[in-house]
Each structure stands twice: as C-alpha cells, then as structure tokens.
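Let me begin by presenting the structure, written as structure tokens, before commenting on it.
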Amino acid sequence: MADAAPDFAIQVESVSKSYRLWGRRSQFATLKSALLKRDLKLDPDASVAALRNVSFTIDRGEAFGIIGRNGSGKSTMLKLISGILKPTSGTVAVNGRIAALIELGAGFHPEITGRENIYINGIMLGLSRREIEQRFDKIVEFSGIAEFLDQPVKTYSSGMYVRLGFAVAVHVDPDILLIDEVLSVGDEEFSARCIAKIQEMKYRGVTLVFVTHQLDQVRNLCDRAVWLDRGQLEAIGDPMRVVDAYLQEVSGTSLAEPPVEAAPEETPAPPPRDEEERWGSGEVLIKRVSLTDEEGRELVALGAGTPVTIDIDVEARAPQDDFVFGLGLYHADGTCVYGTNTDLEGYASQRLDGNARVRFVMPSLDLVAGTYRLDVAVHTRNGRSFDYRRNVVRIVVGSRVHDVGVYRPKHEWKFDGAIAFKAVDPHRANVPAPIAEAIREVEGDSSPQPLRPRRKR
C-alpha cells in the first residue's frame, strides 16, 4: 500500500546555511606561487552564517510571508526551498511543483528573444512543448509585452523582465510559487494585476511563499508570516502580530514577548474564539470599547438595522502626533465584514495628549443574524501598533429574518405577470414558508387571501 502524501507543502528542519569568505590569503597571485607552495587547495579566510537553525512548516495552500531587514537571510531561505542552494546543515522537504521568481531575469538567456525564453522557462519548470503552446497566448497577454516578444531580452527593461518572468511562473500551474522582492520593480498597474493573480492562486489552493518589504501585502495576503533577523527566527505566526513585532523592533520599542510559535511537538491548544488578544508598544492604550445606542445605553445584543455607536476610550501615556484609529468587524467564522481607519478616510493626526474618546457612529447596522467580533487598534501611519485589541467586543445580532450571509441591504420584493403568493401574517412575514403553513394549520387559519401582483398600467 502506497504511503499517503504529506500534509505539508514545505518543511524546514534545523536549517543552517553558511557562506565562505575568500580573502587575499586564500588566493594564489600566480601559477608559479601555487606550484612553489605545492598545495593547490584553497582555504577560505572565514565564513558567515546566513541562516542559523531555522525550522518551520508551511501547509498546503497556505500563503506564507518572510520579512526582515536586508541581510537577514530571507532570499537565502527562498533559494534553499527552491533547490538553488543546499543547506550547510538541516533538511528542506518540498512536496509539489515549484515556480520561482527569485532574482530579476533569473532563467532568461539574454541573447535570445522573449518568445524563445518562454519556451525554455516552461520546459525548465516541467511543461511539455504542447503544454507551453496551450498557455502561450495567456502568458503573452498577461505580460503585456507582445510588441517586444521577438526582441532579445537583453534589450528589456527591469520592469519587462518582471512582467515576463511572473507571467510564465503563474501560468505553469505550480503547486508552490516562490516570489522574492522582484514585484516591487513593476509599475502600479502591473503590481495590482500581480496581487489579483496571487489572490486567485491562493483561492485555488496554490502554496505561496514570498519575501517582501511591503508589509501591507503580508498583512493582507498571508495566513502566516515569519520574521528573520541575522539569520535566526525571531517570530512566526499571525501576520498582523509578526509584522507589528518587527515594526516595534525597528522603531526601538520592541514587544516584551515576541509572538513566536511553539515547536510542533509543543503546540498548545488554540485559544477560544471569543478570547481577546492584545499587543502593542503601550504608548497609547485603548482603555475601553463599548457599543451604545442612540441614547448612550450600552448594548450586548442588538437587532438588525439598529443604530449603533462604537465608543473607544484611549489614554496617551506620552504626547503623540502620528496616530491612526482603526476598526475591523468580523463574522464568527473569520470573514471580514468591514474595516476602515481614520487615515484611510482622510483624518490627518495632529496631537493626542492625555485621555480622549473616539466615536464611530453607524445610523443602521444592517447585519444578518449571527455572532460577530470587533477588533480595534491605534497605531502609527506605517502600521506600528500602540495598542491592538483583537476580539475586544463580541456582538450578537438577532433577527426574525432567516436570510444568510453577513450584510442585509435595504430592499423590497416586486412581482409582475402571472404570479401570486398567499398572504402572510405580518408578524410572521419573515418565517420560512413551510413553517408558516404549519402554524396556520395548527391555528385553524385555512383561508389566507392571495397576494395579487400589481398590474402594469
């Protein structure tokens, strides 16, 4: 009986990678000096550790970000995963076909045309010529460089390199896509198209691993993230928390306890869904968050369409001139219902000193019945958290309407032509039809009047 395929896409176990440094003492000035020494063996002057005992596992279909300062080992890690480099110690296991955009122009021959390079790259990534021909038009269309396709790629700009490389990589149907910082070379239009394609691939279950300094991409696209610093794993886990820990360190206000995941054999049980999580530098604190009605009374449960105000009481422990207040509303299953912040809506911060209250007023909270959670944060414009409170308030929305989803738009039904409905008791207007019929039978109401369609005039 064949062994079952592993659940993971990538597994990195105790990986270290060192590079040798060659100095003048390790080189021969001339062939004569080499022969006189009677020893042609070259010894490096020293070595430098790019990665030190790093371990993590990436699940199938997971979007995984790698962040850190320049020189922290991010690109080395991608090259180890792709097989370009071998670890000095430890193991890297990969399950599935890999497509990689690691270095600008990597895999392209500069003297031949873009058309020929598409075929060569496709074959290198495991496709047959027929499969490449089937995908060729889509690759060219996505790249947007059709008019330069028959020119040698040495004449291409850096942006054209990225366009062609990314177009090939995403159309070979990889199981795993590795992306280094190359996407930052493209223009805004192409970057937006790349992000949309990455989101589509994530939806299809492709495992995504990318290195970037664009931290918003990590927050928005990744399921998890890892922070490498001087070749060592500093933090791994929820991308929001890992990015924030990194920003705190960069700004010199590091967290007391960085969010490092436990080793696989020590993984604790996940916290309950309704348990609050909190992190940040503490320079500004969110003291209290509450939902109130129009008269200032605190709400716990509410009906659909209820006017609601979110009150946020804050305390600045030191005067601040760079601050943003944000909130996110999530369904119990984790779906983001809505999110915004003061910076997005054009409120430029000036001064926060002492105690203050921020109010987010909604004339009508039109949610479908269910349980929701509220996240509230205050942070700098670059995303460094003063105080982030996840699941700070749990909201229960009740309704007699049995529709589904998260949002209920204002609406009405209209009917024309040969169609009629039985009249429904207004008090049971939103009860499903079979239940309403059963209630009528029990109550002896056997003669409902039909609801006639309006005639067109």
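The values are calculated or read from the model by the stated rules, or taken from the named source; none is laboratory data. Small disclaimer: the values here were computed from a predicted structure and weren't measured. Cβ: placed from backbone, ideal geometry, glycine included. Neighbour counts: every protein chain shown.
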task: Select, from 119, 161, the only residue that is among the hydroxyl-bearing types (Ser, Thr, Tyr) and either in contact with a Pro (Cβ under 6 Å, 6 or more places away or on another chain) or at pLDDT 85 or above (or both).
output: 119
query: Can you tell me how many residues in the range 271-296 are part of a loop (DSSP other than H, G, I, E, B), on the phi < 0 side of the Ramachandran plot, modelled with pLDDT of 85 or more and not acidic (Asp, Glu)?
result: 1
task: Assess whether residue 122 counts as being closer than 30 Å to residue 251 by Cα and assigned by TED's automatic domain parsing to the domain that holds residue 157.
output: no
query: Taking strands (runs of 3 or more DSSP E) that do not extend beyond the range 321-391, which have at least 1 residues that are aliphatic (A, V, I, L, M) and farther than 27 Å from residue 302 by Cα?
result: 324-331, 352-365
- request: Output the number of the condition that residue 99 fails; it satisfies all remaining conditions of (1) under 26 Å from the mean Cα position of the chain (by Cα); (2) in a loop (DSSP other than H, G, I, E, B); (3) buried (at least 19 other Cβ atoms within 10 Å of the Cβ).
  value: (2)
- request: Please find, among 170, 140, the residue that is of a type outside the set (Gly, Ala, Ser), in the same structural domain as residue 188 (by TED's automatic domain parsing) and closer than 25 Å to residue 83 by Cβ.
  value: 170
field: the range 402-429, residues that are among the aromatic types (Phe, Trp, Tyr), outside any strand (DSSP E or B) and modelled with pLDDT under 75
entry: 415
message: Could you check the range 124-150 and list, in sequence order, the residues that are of a type in the set (A, V, I, L, M, F, W, C) and at pLDDT below 85?
response: 124, 125, 127
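One line per residue, one yes/no per condition, for (1) over 28 Å from the mean Cα position of the chain (by Cα); (2) assigned to a loop (DSSP other than H, G, I, E, B):
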| residue | (1), (2) |
| --- | --- |
| 108 | yes, yes |
| 111 | yes, yes |
| 120 | yes, no |
| 134 | yes, no |
| 139 | no, no |
| 147 | yes, no |
| 150 | yes, yes |
| 166 | no, no |
| 172 | no, yes |
statement: All conditions in (1) loosely packed, with under 14 Cβ neighbours inside 10 Å; (2) farther than 24 Å from residue 240 by Cβ are true of residue 299 except (1)
query: Can residue 114 be described as of a type outside the set (A, V, I, L, M), in the same structural domain as residue 209 (by TED's automatic domain parsing), over 20 Å from residue 194 (Cα atoms) and surrounded by 14 or more Cβ atoms within 10 Å (Cβ to Cβ)?
result: no
- prompt: Mind checking which residues of the range 52-99 are touching a helix residue (DSSP H, G or I) at 6+ places or on another chain (Cβ under 6 Å) and under 24 Å from residue 238 (Cα atoms)?
  reply: 63, 65, 66, 67, 68, 92
field: Checking residue 341 against (1) surrounded by fewer than 16 Cβ atoms within 10 Å (Cβ to Cβ); (2) closer than 18 Å to residue 289 by Cβ, the condition it does not meet
entry: (1)
query: Out of all the residues in the range 355-380, which are under 20 Å from the mean Cα position of the chain (by Cα) and of a type in the set (A, V, I, L, M)?
result: 374, 376, 377
query: Of all residues in the range 200-219, which are part of a loop (DSSP other than H, G, I, E, B) and surrounded by fewer than 18 Cβ atoms within 10 Å (Cβ to Cβ)?
result: 204, 205, 213, 214
field: Subset tally (residues that are in contact with a Pro (Cβ under 9 Å, 6 or more places away or on another chain) and over 20 Å from residue 372 (Cβ atoms)) for the range 326-362
entry: 4
field: Check on residue 87, modelled with pLDDT of 90 or more, in contact with a Leu (Cβ under 8 Å, 6 or more places away or on another chain) and part of a loop (DSSP other than H, G, I, E, B)
entry: yes
message: Any residue that is over 30 Å from residue 245 (Cα atoms), β-branched (Val, Ile, Thr) and either surrounded by 13 or more Cβ atoms within 10 Å (Cβ to Cβ) or modelled with pLDDT of 85 or more (or both) - is there at least one of those in the range 51-64?
response: no
message: Here is a check on your reading of the model: is residue 79 within 14 Å of residue 178 (Cβ to Cβ) and free of Cβ contacts under 8 Å to residues at least 24 places away in the same chain?
response: yes
- line: The one condition residue 104 fails out of (1) aliphatic (A, V, I, L, M); (2) modelled with pLDDT of 85 or more; (3) surrounded by fewer than 19 Cβ atoms within 10 Å (Cβ to Cβ); (4) within 30 Å of residue 239 (Cβ to Cβ) is (2)
- request: Please verify whether the range 187-194 includes one or more residues that are at pLDDT 85 or above, basic (Lys, Arg) and assigned by TED's automatic domain parsing to the domain that holds residue 60.
  value: no
